[in-house]
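The values are calculated or read from the model by the stated rules, or taken from the named source; none is laboratory data. Bear in mind the structure is a predicted one, so any value in this text is a computation, not a measurement. Neighbour counts are summed over all protein chains in view; Cβ atoms, including those assigned to glycine, are modelled from backbone coordinates with ideal geometry.
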Ligand code: SF4
């Protein structure tokens with residue numbers, strides 16, 4: 001219903017900043033598993049669900065991905081497109097759908113504050129955070145928690161040289 005709002009990424013990044021600032025005074029109540037989190041989960045499901053088709057991954061990266069939810073990519077890619085993007089910019093898996101990453105690139109060009117973050121390499125998705133509040137996870141630092149057993153590529157490469 002409100003998907004058209006994604007075409008106004010400049011407004012959405014402003015709304016992101018405003019929400020972040022509004023939550024700062026309440027940060028001590030933003031705890032995993034608390035009543036406040038339950039309220040935020042409902043708010044995120046409804047609000048971000050309507051606008052971004054949010055899948056409640058718990059590690060929201062919208063401001064780094066052109067206000068386009070990467071979890072709508074059928075392959076759940078969070079660091080750019082696969083090699084199968086069609087010449088018309090549509091998805092390899094769902095031909096009638098525009099590639100999430102093509103949209104992310106276009107929208108990031110209209111984002112003066114966070115648009116450059118599209119170039120950042122995002123951390124791997126921690127599936128254990130599925131269904132939790134991304135705002136709580138951001139404020140508590142839980143969003144930075146890597147998935148269990150994850151080893152950075154640099155460490156693997158260093159280990160193979162020993
Ligand atoms: S990145 Fe995660 S939390 Fe953010 S809109 Fe997409 S599924 Fe929802």
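Looking across 47, 66, one residue alone is within 14 Å of the ligand (Cβ to nearest atom) and crowded, with 17+ Cβ neighbours inside 10 Å. It is 66.
A single member of 109, 103 is in contact with a helix residue (DSSP H, G or I) (Cβ under 7 Å, 6 or more places away or on another chain) and on the phi < 0 side of the Ramachandran plot, and it is 109. Closer than 16 Å to residue 34 by Cα and surrounded by 11 or more Cβ atoms within 10 Å (Cβ to Cβ): does that describe residue 138? Taking the combined requirement at face value, the residue satisfies it.
In the range 49-69, the residues that are farther than 16 Å from residue 108 by Cα form Cβ pairs under 6 Å with partners that are at pLDDT below 95 and part of a loop (DSSP other than H, G, I, E, B), at six or more places apart or across chains, as follows: 50/1; 50/2; 51/2. Could you tell me whether the range 26-43 includes any residue that is in contact (Cβ under 8 Å) with a residue 24 or more places away in the chain, crowded, with 16+ Cβ neighbours inside 10 Å and within 12 Å of the chain's Cα centre (by Cα)? No, that holds for no residue.
Take the conditions (1) assigned to a helix (DSSP H, G or I); (2) away from the ligand (no atom under 16 Å from the Cβ); (3) closer than 20 Å to residue 140 by Cα; (4) touching a helix residue (DSSP H, G or I) at 6+ places or on another chain (Cβ under 9 Å); residue 31 misses just one of them, which is (1).
Among the residues of the range 80-94, is any under 15 Å from the mean Cα position of the chain (by Cα), without any contact (Cβ under 8 Å) to a residue 40 or more places away in the chain, within 16 Å of the ligand (Cβ to nearest atom) and not in a loop (DSSP other than H, G, I, E, B)? Checking the range 80-94: not a single residue is under 15 Å from the mean Cα position of the chain (by Cα), without any contact (Cβ under 8 Å) to a residue 40 or more places away in the chain, within 16 Å of the ligand (Cβ to nearest atom) and not in a loop (DSSP other than H, G, I, E, B).
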